[in-house]
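Trainee: What follows is a single structure, and I will ask about it in a moment.
The values are calculated or read from the model by the stated rules, or taken from the named source; none is laboratory data. Model, not experiment: these values are computed from the prediction. Please note: Cβ atoms are built from the backbone with ideal geometry, for glycine as well, and neighbour counts cover all protein chains shown. Surface accessibility is based on the protein's heavy atoms, side chains included, excluding ligands, DNA and RNA. Shrake-Rupley method; radii C 1.70, N 1.55, O 1.52, S 1.80 Å.
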Amino acid sequence: PWSIFCGLVWGGSFLLIAISADHFASAVVAFIRVALGALIVAVAPGAWAKVDSRDMPRIILVAAIWMSLPFVLFPWAERSVASSVAGMINAGLPVFTATIAALLLRRAPRRIQVAGLIIGFIGVALIAIPSLSHSRSSALGVLALVIAVLCYAIGVNLTIPLQQRYGTLPPLARIELFASVMLLPFALFGLRTSTFAWSALIANVLLGVLATGAAFLAMFTLMGRVGATRSSAVTYLFPVVALTLGVVFRDEPLHAIAVLGAGLVLVGAWLVSRTEHDSVSAPID
């Protein structure tokens with residue numbers, strides 16, 4: 001149930017990001033969603049339980065890598081790249097996560113995982129082809145999306161020990177608080193180029209409450225139970241949800257090669273995730 005909930009909410013988040021980015025600067029979109037998410041988590045019982053000061057550097061790093069940077073990159077990228085493309089590329093998260101996990105653990109992936117990685121990266125490339133052929137800004141947007149997903153993959157691996165040590169709420173509350181502080185000055189600067197619209201505000205509020213509040217609570221719980229790579233399998237629903245919403249509400253084009261790429265990404269993610277049992281991250285001391 002947790003994985004389905006996260007998949008549906010985050011699959012729909014790409015549409016909400018696109019609507020928000022129509023009027024709000026990227027940093028404004030990022031700050032509003034993180035600040036609202038932080039408020040949701042902060043009022044939960046046990047959110048401010050004690051955390052060892054030695055883990056604070058990791059928490060701050062995760063706040064920067066898993067939330068601050070990618071949350072700015074996604075709305076920036078979706079100004080030139082369709083929200084459905086963003087959702088399809090993000091479906092490659094298990095592939096990126098498994099790659100980072102192998103590097104951190106200094107452990108070679110199994111043969112079936114290697115096949116999954118190769119298939120997954122080919123799928124990401126196919127998804128990107130239609131956007132790359134449009135314009136230079138679209139190509140930069142695709143690059144930003146790939147970097148954002150890579151940040152997610154690093155963040156997921158770094159977060160596992162925190163969740164296993166303290167549970168869901170204490171690290172998540174601090175991560176979202178630090179991310180809000182990091183984004184605040186950029187959001188204030190971004191207000192100069194933002195215009196108000198109820199559609200953007202409502203989309204951004206939903207993004208914060210559901211995608212950054214409720215869904216992250218569910219995801220943290222899932223990561224502690226099944227590990228980084230298997231928990232990132234929630235992205236299986238991303239392409240279906242993002243494609244459907246993008247075509248229906250944004251009239252986005254549906255490219256056959258991108259759909260094929262999304263299929264390959266899902267196959268690759270399945271091959272990678274089905275063989276992962278205990279994924280923990282290497283220390284960052």
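Trainee: Within the chain, which complete DSSP H helices have Cα atoms spanning at least 15 Å along the helix axis and a mean Kyte-Doolittle hydropathy of 0.5 or higher?
Mentor: 2-21, 26-42, 93-105, 111-132, 136-166, 169-190, 215-226, 238-250, 256-273
Trainee: Same structure, new question: Order the following by accessible area, largest value first: Thr195, Thr97. Probe radius 1.4 Å; ligands, DNA and RNA are ignored.
Mentor: Listed by decreasing accessible area, they come as Thr195, Thr97.
Trainee: Hand me the chymotrypsin sites (Phe, Trp or Tyr not before Pro) from segment 157-200 located in a DSSP loop with no more than 14 other Cβ atoms within 10 Å, in residue order please.
Mentor: Within segment 157-200, the qualifying chymotrypsin sites (Phe, Trp or Tyr not before Pro) (loop, at most 14 other Cβ atoms within 10 Å) are Phe196.
Trainee: How big is the Cα convex hull of segment 117-272 in projection, averaged over all directions, in nm²?
Mentor: 10.6 nm²
Trainee: In whole angstrom, note down how far apart the Cα centers of segment 132-191 and segment 48-71 are.
Mentor: 11 Å
Trainee: Among 11-19, 202-210, 42-50, 261-269, how do they line up by average Cβ neighbours within 10 Å per residue, starting with the highest?
Mentor: 11-19, 261-269, 202-210, 42-50
Trainee: Here's another thing I want to ask about it. Can you tell me the relative contact order of the chain? Whole percent, Cα pairs under 8 Å, sequence separation 6 or more.
Mentor: Relative contact order, the chain: 42 percent.
Trainee: Could I ask something else about it? Rounded to a whole number, what is D in µm²/s for the chain from Stokes-Einstein with the Kirkwood radius over alpha-carbon pairs (25 °C, 0.890 mPa s)?
Mentor: Translational diffusion coefficient: 132 µm²/s.
Trainee: Also, quick follow-up: Please identify every one of the trypsin sites (Lys or Arg not before Pro) in segment 71-146 that sits in a loop by DSSP and has no more than 16 other beta carbons within 10 Å of its own beta carbon.
Mentor: Sites meeting the loop and neighbour criteria: Arg79, Arg106, Arg107, Arg110.
Trainee: Sticking with this structure for a sec: If you count, for each residue, the other Cβ atoms within 10 Å and average over each peptide, how do 51-59, 142-150 line up from highest to lowest?
Mentor: So the order, starting with the most tightly packed, is 142-150, 51-59.
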